[in-house]
Amino acid sequence: MTDRWQQQKNVYSIEVLRDLARKRLPKMVFDFIDGGSEDEHTWQRNIDAFRDIALLPHVLRATPDRDLSTTVLGHRLQLPVMVAPTGLTGMFWPQGETAVARACAAAGSIMTVSHATTVSTKSLVETADNPVWAQTLIYNDKGFTREMIERAADAGCHALVLTVDLQALGQRERDLRNGFTVPPKITPRSAFEAMRHPAWLFDYFSNPEITMVNYAGDGKTDLASLAQHMGKIFDSNVSWEDFDFVRKHWDGPLVVKGILRTDDARMAVERGADAIVVSNHGGRQLDGAPSPVEVLPAIAEAVAENAEVYLCSGIRRGSDVIKCLALGARAVLIGRAHLYGVAAGGESGVAASLDILAQEMRRAMALGGWNTISDITRDCVALPADRIRQN
Ligand SMILES: Cc1cc2nc3c(=O)[nH]c(=O)nc-3n(C[C@H](O)[C@H](O)[C@H](O)COP(=O)(O)O)c2cc1C
């Protein structure tokens with residue numbers, strides 16, 4: 001449902017939200033959200049891959065309902081779009097995660113709370129009257145890995161999302177160019193840039209100090225110490241045995257995020273994953289990795305009978321969602337699409353991002369003759385290879 005803010009700002013696409021986010025945020029903060037790793041080839045590929053897939057519409061087929069609802073892990077979604085975990089959302093809008101939780105609940109979507117949330121997972125579960133998922137990592141400290149799992153259970157999260165593509169941090173070169181750090185360092189350049197964005201500056205300094213609640217401890221809450229501590233407990237020696245450790249200690253549904261190969265997908269499912277998120281972390285990790293939508297058909301074919309498959313990375317249009325569903329995904333997760341929204345207008349901005357994707361999906365379904373999600377099947381799209389065969 002389009003809200004007043006969305007109408008007033010004439011927000012009709014995710015790209016408009018991106019422009020609004022760019023205007024409200026200092027460049028270094030916008031680039032932290034928007035950017036990818038190294039040469040951003042994978043970042044670009046995420047967008048290009050969708051452009052190369054064609055939709056094959058039917059004509060003269062009635063679509064009276066254009067029903068977007070579906071289920072994930074047994075829960076009803078009003079649209080096949082969920083929100084991906086994103087750290088430090090409170091840096092983009094005060095209590096940004098709370099804004100996301102509210103907007104997701106209102107739209108009948110699901111929020112995944114990042115390990116690096118600035119608001120406690122428990123309070124987000126209390127805010128949303130629909131399921132909330134918690135994202136975690138495998139740390140070199142097994143006790144802490146277990147503590148994070150227990151926190152997700154205590155908070156009442158319905159699923160645990162284990163991110164497996166963060167064993168080292170991708171080099172984000174826009175951040176290096178801009179001198180961006182967590183927290184942002186005050187230099188003459190950054191201060192000048194921040195002053196040109198007074199709305200963000202006011203929010204940033206007039207709200208309680210931003211912290212990463214899951215890493216706060218030993219009396220330390222400041223972002224600089226926590227970011228340093230977090231870097232030290234990331235584990236680059238992760239293995240499938242660590243995955244088994246997480247599976248053993250988490251009783252609920254387990255979702256594995258960051259898979260790009262069929263053999264890894266099969267292994268995860270054999271070892272007890274309930275769902276796979278085909279993702280390259282929005283092009284922020286391994287530059288050179290394929291776009292998830294390119295590998296989705298093979299992964300869905302390999303595991304969809306035994307696990308749910310979702311796609312994450314590059315979704316900017318409702319038609320992108322339709323392409324993913326046609327190629328075997330049950331739903332998608334959006335990262336930047338909702339972050340542009342939160343940075344542009346808090347809860348209204350996130351609501352706008354979900355509303356835009358829903359409206360675009362309904363329009364595409366009318367134009368394609370697909371009345372429900374189950375009408376969206378493999379024959380609704382043509383991959384570049386399909387078109388070559390047709391010629
Ligand atoms: C600012 C930012 C922070 C992120 N933080 C996390 C995180 O804490 N955990 C995680 O698993 N993924 C994180 N991601 C990756 C997203 O979950 C998601 O995979 C990615 O944004 C998808 O690509 P898209 O932005 O093109 O939709 C982050 C992404 C961005 C842009």
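Bear in mind that the values in this text are calculations on the coordinates, not laboratory data. Computed from a predicted structure; not experimentally measured. Don't worry about glycine lacking a Cβ; one is built from the backbone with ideal geometry, like all the others, and counts go over all protein chains shown.
The figures follow:
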{"item": "Compactness index (Cα Rg / 2.2 N^0.38 Å), the chain", "result": "0.95"}
{"item": "DSSP beta bridge pairing in the chain, given as percent antiparallel to the nearest 5", "result": "20 percent"}
{"item": "Options 49, 168, 286, ranked by Cα towards positive dipole end of the chain, top entry (Cβ charges)", "result": "49"}
{"item": "Check: the chain dipole with +1 on Lys, Arg Cβ and -1 on Asp, Glu Cβ, in debye", "result": "1000 debye"}
{"item": "Entries of 23/185; 257/323; 142/248; 142/185 with Cα pairs more than 23 Å apart", "result": "142/185"}
{"item": "Dipole of segment 4-390, positive direction: furthest Cα of 137, 68, 296, with charges on the beta-carbon", "result": "68"}
{"item": "Under 17 Å from residue 220, Cα to Cα: lysines that are on another chain or at least 8 residues apart", "result": "232"}
{"item": "Taking 145, 70 and counting other C-beta atoms within 10 Å, the order from fewest to most", "result": "70, 145"}
{"item": "Fewest-first ranking of 277, 125, using other Cβ atoms within 10 Å as the exposure measure", "result": "125, 277"}
{"item": "Ranked by how many other beta carbons lie within 10 Å on average, peptides 48-59, 315-326, 354-365 from highest", "result": "315-326, 354-365, 48-59"}
{"item": "Difference of contour (0.36 nm per residue) and Cα-Cα distance, residue 76 to residue 12", "result": "20.4 nm"}
{"item": "Span-rule helices in the chain, defined as complete DSSP H runs reaching 27 Å or more along the axis (Cα) with Kyte mean at least -0.5", "result": "336-368"}
{"item": "Part-to-part distance (alpha-carbon centres) for segment 292-370 and segment 13-70, which is given in Å", "result": "9 Å"}
